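Below: the structure, in structure tokens.
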Amino acid sequence: MSGVILAIETSCDDTCAAVVDHEGRILSNVISSQSIHDRYGGVVPEIAARHHLELVDVAVEDALAQADVGLEDVSLVGVTQGPGLVGALLIGLSEAKAIAAARDLPLAPVDHLQGHVAANFLAPDPFEPPFVCLIASGGHTLIAHVTGRDAFRVLGSTLDDAAGEAFDKGARMLGLGYPGGPALQRLAEGGDPDAHRFPTADGVAGLDFSFAGVKTALLYALRDRPDSDRADLAASYQHAIVEQLAVRTERALRETGLERLAVGGGVAANGPLRARLTGIGVETHIPPHALCTDNAAMIASAARYATPLLPAAYLGLDAYASGERGL
Ligand code: KG4
Ligand code: ZN
């Protein structure tokens, strides 16, 4: 297909727009982060939506300019439909509908998780299915069996917090800033991961995750042993999260019989997690950091395999907060 794909992603606090061609080559990938949420210790949905409204036109203009294309070169508009913050999603969805309708273009609604999976299909280094995919971010943690470029089956997901959320909340308990993952990793560098034995949700059967226990264990350790070395606490806490993610991943590889693994989501930046996963000994693909965290290039990549809706058919499309596509 000729022309390029323009994609928009606004499911959480990053306003993202990207231009990708139909072969999966990234021509631009604009991410405008809203640091305003740092002072609240987490994302405030109404503030996120308001900022998307201010930033989305600029993000689209920048993405087109950086790709050196105009709207007349766009042949498909891709947009995240869900899951995510509904108010935030609606800004991106409205922008995408308006652009597509004005130019008489087809629109491909994309599932955000399918987008994280599709980050692995981008040039110049596409990773071909079948593979097991671990996605761990601030909003979701799941393990999937990716059977094709347009299909995956969720094998397990978190029963409570996402792994990134567990990092963020642990970091807050340790008096670190938001987002907590990178800060906690830095503090943990000087600590002993075996100093405390924090739970790894061994009681949760199958491939689901739970991070409630490790959070409570850190809370009690801080309360009952206030003189504990903070670096030791951070290292032990991180170790428990990493082990839980890795043990589930090993189990999924065993159960599917696959020897190929892809990793996505912001937590994929974690050094000890990367080391632990690459140590499993299967072929492992971790996209560059900018493609692991929320971005619109991954949404464009997924849009290539979605069924596009023709002009007018998409005008009534709604966003969905969780679960499956609400078409
Ligand atoms: O994918 P992402 O940018 O946004 C969401 O969709 O949530 O992920 C952000 C999450 C945050 O919870 C952040 O603390 C975590 O990823 N994170 C990390 C690291 N870098 C980011 N967690 C652990 N170690 C890191 N180095
Ligand atoms: Zn995400």
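The values are calculated or read from the model by the stated rules, or taken from the named source; none is laboratory data. Remember, it's a predicted structure, so these values are computed and weren't measured experimentally. Here the Cβ positions follow ideal geometry from the backbone for every residue, glycine too, while neighbour counts run over all protein chains shown. Protein only, heavy atoms only, side chains kept; ligands, DNA and RNA dropped before computing areas. Shrake-Rupley method; radii C 1.70, N 1.55, O 1.52, S 1.80 Å.
Output yes when any residue across segment 147-161 is within 14 Å of ligand 2 (Cβ to nearest atom), in contact with a helix residue (DSSP H, G or I) (Cβ under 8 Å, 6 or more places away or on another chain) and not in a helix (DSSP H, G or I), and no when none is. Step through it out loud before you land on a result.
Step one: list which residues in segment 147-161 are within 14 Å of ligand 2 (Cβ to nearest atom), which gives 157-158.
Okay, now just the ones that are also in contact with a helix residue (DSSP H, G or I) (Cβ under 8 Å, 6 or more places away or on another chain), so none.
Looking for residues that are within 14 Å of ligand 2 (Cβ to nearest atom), in contact with a helix residue (DSSP H, G or I) (Cβ under 8 Å, 6 or more places away or on another chain) and not in a helix (DSSP H, G or I), one finds none in segment 147-161, hence no.
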Next item on the list: Could you run through segment 146-170 and say how many residues are within 16 Å of ligand 1 (Cβ to nearest atom) and open to solvent by less than 40 Å² (accessible area, probe 1.4 Å)?
Entry: 9
Next item on the list: Would you check which residues across segment 245-267 are near ligand 1 (Cβ under 10 Å from one of its atoms) and touching an Asp or Glu at 6+ places or on another chain (Cβ under 6 Å) and list them?
Entry: none
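Would you be able to tell me the number of residues in segment 103-114 that are open to solvent by 10 Å² or more (accessible area, probe 1.4 Å) and away from ligand 2 (no atom under 16 Å from the Cβ)?
First, pick out the residues of segment 103-114 that are open to solvent by 10 Å² or more (accessible area, probe 1.4 Å): 103-106, 111, 113-114.
Now narrow it down to the ones that are away from ligand 2 (no atom under 16 Å from the Cβ): 103-106.
Result for segment 103-114: 4.
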Margin query: Restricting to segment 199-225, count the residues that are buried (at least 17 other Cβ atoms within 10 Å of the Cβ) and part of a helix (DSSP H, G or I).
Written below: 6
Next item on the list: Output the qualifying pairs, or none if there are none: Cβ atoms under 9 angstrom, residues six or more apart or on different chains, first residue in segment 178-201 and under 25 Å from Asp13 (Cα atoms), second residue open to solvent by 40 Å² or more (accessible area, probe 1.4 Å) and within 8 Å of ligand 1 (Cβ to nearest atom).
Entry: Pro179/Gly138; Gly181/Gly138; Gly181/Ala269; Pro182/Ala269; Gln185/Ala269
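Which residues, counting only those in segment 245-265, are under 20 Å from Glu165 (Cβ atoms) and part of a loop (DSSP other than H, G, I, E, B)? It would help to see each step written out before you state the result.
Narrowing segment 245-265 to residues under 20 Å from Glu165 (Cβ atoms): 245-249, 263-265.
Within segment 245-265, Gly265 is the sole residue that qualifies.
One residue is enough: does segment 89-101 have a residue meeting the conditions over 15 Å from the mean Cα position of the chain (by Cα) and without any contact (Cβ under 8 Å) to a residue 24 or more places away in the chain? Can you show your working first?
First, pick out the residues of segment 89-101 that are over 15 Å from the mean Cα position of the chain (by Cα): 90-101.
Those still in the list that are without any contact (Cβ under 8 Å) to a residue 24 or more places away in the chain too: 94, 98.
Within segment 89-101, one or more residues are over 15 Å from the mean Cα position of the chain (by Cα) and without any contact (Cβ under 8 Å) to a residue 24 or more places away in the chain.
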Notebook entry, point to check: Considering only residues of segment 123-139 that are surrounded by 24 or more Cβ atoms within 10 Å (Cβ to Cβ) and part of a loop (DSSP other than H, G, I, E, B), which is nearest to ligand 2 (Cβ to nearest atom)?
Noted result: Ser137
Check: Does segment 267-297 hold any residues that are within 16 Å of ligand 2 (Cβ to nearest atom), under 25 Å from Ala234 (Cα atoms) and among the polar types (S, T, N, Q), and which are they?
Finding: Asn270, Thr293
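Could you look through segment 268-327, keep only residues that are of a type in the set (Ser, Thr, Tyr), open to solvent by 50 Å² or more (accessible area, probe 1.4 Å) and more than 21 Å from Ala63 (Cβ to Cβ), and pick out the one that is farthest from ligand 1 (Cβ to nearest atom)?
We begin by selecting, within segment 268-327, every residue of a type in the set (Ser, Thr, Tyr); these are 278, 284, 293, 301, 305, 307, 314, 320, 322.
So of that shortlist, the ones also open to solvent by 50 Å² or more (accessible area, probe 1.4 Å) come out as 278, 305, 307, 322.
Those left that are additionally more than 21 Å from Ala63 (Cβ to Cβ): 278, 307, 322.
Working: Thr278: 15, Thr307: 25, Ser322: 14 Å.
Going through the qualifying residues, I end up with Thr307.
Kindly indicate the residue of segment 1-16 that is among the small types (Gly, Ala, Ser) and more than 17 Å from Ala119 (Cα to Cα) and also surrounded by the fewest Cβ atoms within 10 Å (Cβ to Cβ) among those meeting that condition. Before you say what the answer is, go through the steps one by one.
As a first pass, look at segment 1-16 and keep what is among the small types (Gly, Ala, Ser): 2-3, 7, 11.
Then drop every residue that is not more than 17 Å from Ala119 (Cα to Cα), which leaves 2-3.
Details: Ser2: 7, Gly3: 14.
Per the criteria, the residue is Ser2.
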Check: Checking Ala49 against (1) at pLDDT 95 or above; (2) touching a Gly at 6+ places or on another chain (Cβ under 7 Å), which test does it fail?
Finding: (1)
Next item on the list: Go through segment 176-198 residue by residue and tally those that are over 25 Å from the mean Cα position of the chain (by Cα) and open to solvent by 40 Å² or more (accessible area, probe 1.4 Å).
Entry: 6
Next item on the list: Specify which of the listed residues (Ala100, Ala88) is within 16 Å of ligand 2 (Cβ to nearest atom), open to solvent by less than 10 Å² (accessible area, probe 1.4 Å) and over 26 Å from Arg153 (Cβ atoms).
Entry: Ala88
Next item on the list: Check segment 265-286 and report whether any residue there is among the β-branched types (Val, Ile, Thr) and under 26 Å from Gln81 (Cα atoms).
Entry: yes
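Looking at Val117, Val69, Val43, which one is surrounded by fewer than 23 Cβ atoms within 10 Å (Cβ to Cβ), within 16 Å of ligand 1 (Cβ to nearest atom), outside any strand (DSSP E or B) and touching a residue at least 12 places away in the same chain (Cβ under 8 Å)?
Values: Val117 fails: surrounded by fewer than 23 Cβ atoms within 10 Å (Cβ to Cβ); Val69 fails: within 16 Å of ligand 1 (Cβ to nearest atom).
Val43 is the lone residue from the list that is surrounded by fewer than 23 Cβ atoms within 10 Å (Cβ to Cβ), within 16 Å of ligand 1 (Cβ to nearest atom), outside any strand (DSSP E or B) and touching a residue at least 12 places away in the same chain (Cβ under 8 Å).
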